[in-house]
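One structure below.
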Amino acid sequence: MFKGAIVAIVTPFKNGEVDEEALRELIEFQIESGTDGIVPCGTTGESATLSHEEHDRVIEIAVDAVKKRVPVIAGTGSNSTKEAIRLTRHAHEVGADGALMVTPYYNRPTQEGLYQHYKAVAEEVPIPVIPYNVPSRTGTNLLPETDARLAKISNIVGIKEASGDLKQISKVIQLCGDDFDVLSGDDFTVLPLLAVGGKGVISVVSNVAPADMAGLVDAFEAGGYAKAREFHFKMWPLMEALFFETNPIPAKAALSMMGKINYELRLPLCRMSDANYDRLRQVLAGYGLV
């Protein structure tokens with residue numbers, strides 16, 4: 001259902017508020033560059049510091065701006081199942097095509113708790129759901145065996161895997177089958193994930209180089225493995241540079257250097273150190289982006 005190069009889009013701010021105009025322009029930039037889907041209100045979209053009203057509004061803007069040209073997969077995760085249901089219901093009601101739901105963080109539920117969490121949301125809201133496994137942020141690892149249980153629920157259609165563990169990713173694909181969309185949550189694992197049967201990526205790098213990430217996935221799907229490998233290594237400096245500091249700090253700094261957004265984050269995220277900012281600029285300059 002969901003495949004290709006999908007962007008985990010930043011949420012631009014201006015004077016402390018969501019910059020709707022800049023968000024719409026970013027979405028146009030993405031679609032014109034060949035991006036296969038838009039994920040608003042994910043980790044890269046600073047969902048943790050958006051109010052509920054802002055969260056809802058960003059999803060509404062994305063759906064309206066995209067106009068069904070590509071799927072909108074709304075970030076609707078929470079460490080409260082009740083809150084996740086509310087966010088997911090809103091996304092469904094305003095026309096999102098899917099919901100990306102991070103595993104509940106801080107609570108550290110058991111595998112049974114994780115299963116019951118996603119099952120509860122999927123039963124309450126008839127929207128395609130993609131769990132998002134990112135143990136480095138949440139403190140919980142959604143295991144392949146639990147994925148296999150979730151895959152039996154009709155509207156849980158895939159997973160965003162950001163464990164960085166290719167052994168785990170391979171086991172998820174093996175246990176869940178071809179109809180379950182396994183998407184990379186780490187740009188550096190896109191090529192190996194595709195090689196073992198994954199369907200694509202929800203990407204940070206796509207914020208600044210969407211055409212190249214789309215080119216990698218398209219080349220692989222067309223059997224152009226050497227070309228896909230070229231794209232992988234071409235983007236490698238960006239994959240490193242956009243994580244010089246916590247995501248999405250470097251992504252927002254890069255987009256501001258490119259003239260696309262203001263360089264504005266919300267605390268507790270703050271601007272990059274001067275040294276890392278200069279390193280990032282050098283990478284972008286070498287790439288031809290600034």
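The values are calculated or read from the model by the stated rules, or taken from the named source; none is laboratory data. A quick note: this is a predicted structure, and the numbers were derived from the prediction, not measured. Methodologically, a virtual Cβ is constructed for each residue, glycine included, from the backbone with ideal geometry; neighbour enumeration extends over all protein chains shown.
Taking the condition surrounded by 17 or more Cβ atoms within 10 Å (Cβ to Cβ), aliphatic (A, V, I, L, M) and farther than 16 Å from VAL58 by Cβ, does ILE73 pass? Considered against the rule, which asks whether it is surrounded by 17 or more Cβ atoms within 10 Å (Cβ to Cβ), aliphatic (A, V, I, L, M) and farther than 16 Å from VAL58 by Cβ, ILE73 comes out as no.
Say whether the condition of being within 29 Å of PRO104 (Cβ to Cβ), part of a strand (DSSP E or B) and modelled with pLDDT of 95 or more is met by at least one residue in segment 38-46. Yes. Of everything in segment 114-155 that's of a type in the set (Asp, Glu) and under 17 Å from THR81 (Cβ atoms), which residue is surrounded by the fewest Cβ atoms within 10 Å (Cβ to Cβ)? Ranking the qualifying residues of segment 114-155, first place goes to GLU123. Checking every residue in segment 158-174 against the condition of being basic (Lys, Arg) and under 24 Å from SER78 (Cβ atoms) gives at least one match. Checking segment 216-233 against the condition returns no match, with no residue being touching a Pro at 6+ places or on another chain (Cβ under 7 Å), outside any helix (DSSP H, G or I), modelled with pLDDT of 95 or more and surrounded by 15 or more Cβ atoms within 10 Å (Cβ to Cβ).
Considering segment 234-260, and only residues there that are over 19 Å from the mean Cα position of the chain (by Cα) and not in a helix (DSSP H, G or I), the residue that is surrounded by the most Cβ atoms within 10 Å (Cβ to Cβ) turns out to be LYS260. More than 18 Å from the chain's Cα centre (by Cα) and on the phi > 0 side of the Ramachandran plot, is that true of ARG149? The answer is no for ARG149. Residue selection: ILE85 fails the criterion of being at pLDDT 95 or above and under 26 Å from LEU193 (Cβ atoms).
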